[in-house]
Amino acid sequence: MYTQALNQKDSGPPAGAPEDAERLARFEARVAADDKIEPNDWMPAAYRRTLTRQISQHAHSEIVGMLPEGNWITRAPSLRRKAALLAKVQDEGGHGLYLYAAAETLGTSREQLVDQLLSGKAKYSSIFNYPTLTWADIGAIGWLVDGAAIMNQIPLCRTSFGPYARAMVRICKEESFHQRQGYEIMLTLCRGTPAQKAMAQDALNRWWWPALMMFGPPDAESAHTDQSMRWRIKRFTNDELRQQFVDATVPQGHYLGLTFPDPKLRFDEASGHWQFGEIDWEEFRQVLAGNGPCNRERIEARRAAHADGVWVREAALAHAAKRRARKAAAQQLAAE
Amino acid sequence: MPEAHMPVWEVFIRARAGLAHRHAGSVHAPDAEMALQAARDTYTRRGEGLSIWVVPSAAITASDPVDKGSLFEPTADKIYRHPTFYEVPDEVGHM
Amino acid sequence: MTSITVAETPLLRAVLARADDALVHAHRLSEWVGHAPMLEEDLALGNVALDLLGQARSLYTHAAAIEGLERSEDDLAYLRDAPQFRNLLLLEQPNGDFANTIVRLFLHAAFMLPWWKAAMSSTDATLAAIAAKAEKEAAYHVRHAGEWLIRLGDGTEESHRRSTEALDRLWRFTGEMFAIDAEEEPLIEAGVIPHPAIIRPAWDATVAHVLAEATLARPRDGWMQLGGRRGTHTEALGHLLAVMQHLQRAYPGASW
């Protein structure tokens, strides 16, 4: 998902080893009872580290996620679509902001988190390393990518860390229009000219498999699932969420009259689920490792925005310091 | 090398007339005026607010969770502060 | 569908001019979203762009109603060629750096706030209604851009230099806001749109106030570049429209 790199190994010390066993037991009991953990509460170092990583990856994904869709704001084919897309991309910035704020309560500043993204140390969702080549990609992203994100985010509204859970509640509420606007774009294209319908089919062909990869590697290979489930940082496994997504999405695609790019896709009467073919995990690994079609462009765009903004942020801080100095001088004068 | 920190501000929003300001989240801004604008642009995009407070995060003093017992548990047995502690016969009606 | 040409009456042209202003400026500001100097500013510029886009849509819808040919807001936005666009040259200028964008927004919003205020009593009821909403939006745009300009002007040496350069670069386009066409005079007399001369004192005062706080000098009023209102644009507009209109032009008649 937006935090799929979490499935990699945690390089810190093992959870709980040097820590007070009694406090750890109390913490685990609180989490097991679905009590919320707040920033000031005691927490195991590994919980803090894992959460900081998960929330900041989620934030980075929102921020990098502004780029592929932002790519089409100036080219949106109607003013109505333009307004919706602009509002959606802006929402993603807002969601990144809420999430950075939640991560900051764990003791890492936004500046440090952004630094980790720009230096390549922190990861973001693999999905945003794919290009948006036609207008239909904006529809496919809303429908599939936001659809997949919602599957993941709704359970996170009940996650154990209070600030994360509260950010997710706000995000889920605001995102409710995102998937619908994407599906509406697809529907309009599918009901349009043959060229438009072909555009929609091409977008589905290119986004379907990357969307399935968003849920991360299969449970058997996922390094962190057990602990994250116990800590209520994660509430369903990768495979559970992926299956939920496929079951929900396939009928929507058929309604559009589109064909999924998977010859093995079939409905299994016995289980009541849609069965799908093998995901190309090598492609997933390559994209995460930096070899996706747009990894370089995405990071370069973020680095450029950051570097071009340095003088602006410096100016704003310098002005604030001048004001404080003037105020102090005026107070001094008044006191004399 | 991370750059200088932009101050963090806590944002409180009054959603409707008559309600108290409620914590909505936080923003980064160089000063109070820009924090107010950032709060408006971030947290009232869907008409959620009538009034905004911004407070430097550093200005907030929070109670320590370790003190939870001493601060909040002593009130737990003071049931006489609650209306249901007192018996009023049904015939008297709602009070 | 190939390009359309609007048979402009003075009223239609006046409404289209303000619609084009709003759309072209929204387009420029929207280019910042995802690339702004601070995350908070991605949101702020996005909000301004959305306000302007909303104004453009209302104004195009009004223009289409005046024209009476059952054209849509999209026909007017997407199917006119550059010489048919009536926007101010100032607003089509490329974003440049953040100082350039803020100066452009400030100079125009400081004009539009009193303009919309005056237009609230327009004899054209639709325009008056649009003005009532836009006036509030413009007030925030002035505030946001003005506060930024103060910080940039009175910030660091670099930010002061960049703000000065932006003012110098854009000042030659400010005269166009106050120019009037002979065609517009009857509209002004009929109370449909305000006379720019009555806007001038408020604009001068806002500019003087903010520049003073920003420790920036007001550039000298030299030769002013005109032409946007007549469709003679700078080179920037053709590129902007090529990007904005390309899907509508590539797939004639398709709906999106």
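The values are calculated or read from the model by the stated rules, or taken from the named source; none is laboratory data. Since the model is a prediction, treat every value here as computed from it, not as a measurement. Backbone-built Cβ (ideal geometry, glycine too); neighbour counts: all protein chains shown. Accessible surface areas use protein heavy atoms only, side chains included; no ligands, DNA or RNA. Shrake-Rupley method; radii C 1.70, N 1.55, O 1.52, S 1.80 Å.
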**OP:** Mind counting the residues in segment A:176-195 that are within 15 Å of residue A:78 (Cα to Cα) and either within 11 Å of another protein chain (Cβ to nearest Cβ) or open to solvent by 40 Å² or more (accessible area, probe 1.4 Å) (or both)?
**Re:** 5
Subject >> Filtered residue count, segment A:138-175, keeping only those that are surrounded by fewer than 21 Cβ atoms within 10 Å (Cβ to Cβ) and more than 19 Å from residue A:214 (Cβ to Cβ) >> reply: 8
Original post:
Only one of these conditions is not met by residue A:330: (1) open to solvent by less than 80 Å² (accessible area, probe 1.4 Å); (2) closer than 23 Å to residue A:211 by Cβ; (3) away from chain C (no Cβ under 14 Å). Which number is it?
Top reply: (2)
Subject >> Enumeration of residues in segment B:6-43 that are assigned to a helix (DSSP H, G or I), within 10 Å of chain A (Cβ to nearest Cβ) and in contact with an Asp or Glu (Cβ under 9 Å, 6 or more places away or on another chain) >> reply: B:33, B:34, B:38, B:41, B:42
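Would segment B:70-86 turn up any residue that is surrounded by 11 or more Cβ atoms within 10 Å (Cβ to Cβ), aliphatic (A, V, I, L, M) and more than 21 Å from residue B:26 (Cα to Cα)?
Within segment B:70-86, one or more residues are surrounded by 11 or more Cβ atoms within 10 Å (Cβ to Cβ), aliphatic (A, V, I, L, M) and more than 21 Å from residue B:26 (Cα to Cα).
Picking from A:303, A:285, which residue would you name as being within 13 Å of chain C (Cβ to nearest Cβ), under 27 Å from residue A:125 (Cβ atoms) and not hydrophobic (A, V, I, L, M, F, W, C)? Talk me through it step by step, then tell me what you get.
On the way: A:285 fails: within 13 Å of chain C (Cβ to nearest Cβ).
Within the list A:303, A:285, the selection yields A:303.
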Original post:
If we scan segment C:60-73, do we find a residue that is crowded, with 20+ Cβ neighbours inside 10 Å, over 25 Å from residue B:43 (Cβ atoms), out of contact with any helix residue (DSSP H, G or I) (no Cβ under 6 Å at 6 or more places or on another chain) and in contact (Cβ under 8 Å) with a residue 40 or more places away in the chain?
Top reply: no
Subject >> Leading residue by the ranking (nearest to the other protein chains (Cβ to nearest Cβ)) among those in segment C:151-170 that are in contact (Cβ under 8 Å) with a residue 60 or more places away in the chain and touching a Lys or Arg at 6+ places or on another chain (Cβ under 9 Å) >> reply: C:159
Original post:
Can you spot a residue in segment A:316-326 that is in contact with a Pro (Cβ under 9 Å, 6 or more places away or on another chain), within 10 Å of another protein chain (Cβ to nearest Cβ), in a helix (DSSP H, G or I) and more than 18 Å from residue C:147 (Cα to Cα)?
Top reply: no
Original post:
Which residues, taken from segment C:171-184, are at pLDDT 95 or above and either surrounded by fewer than 20 Cβ atoms within 10 Å (Cβ to Cβ) or facing chain A (nearest Cβ under 9 Å) (or both)?
Top reply: C:171, C:172, C:175, C:176, C:178, C:179
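Within the group A:257, A:272, which residue is more than 22 Å from residue A:190 (Cβ to Cβ), among the small types (Gly, Ala, Ser) and either out of contact with any Pro (no Cβ under 9 Å at 6 or more places or on another chain) or open to solvent by 60 Å² or more (accessible area, probe 1.4 Å) (or both)? Steps first, answer last, please.
On the way: A:257 fails: more than 22 Å from residue A:190 (Cβ to Cβ).
Being more than 22 Å from residue A:190 (Cβ to Cβ), among the small types (Gly, Ala, Ser) and either out of contact with any Pro (no Cβ under 9 Å at 6 or more places or on another chain) or open to solvent by 60 Å² or more (accessible area, probe 1.4 Å) (or both) holds for just one of A:257, A:272, which is A:272.
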Subject >> Unmet criterion (only one of (1) within 14 Å of another protein chain (Cβ to nearest Cβ); (2) outside any helix (DSSP H, G or I); (3) modelled with pLDDT of 95 or more; (4) over 25 Å from residue B:36 (Cβ atoms)) for residue C:22 >> reply: (2)
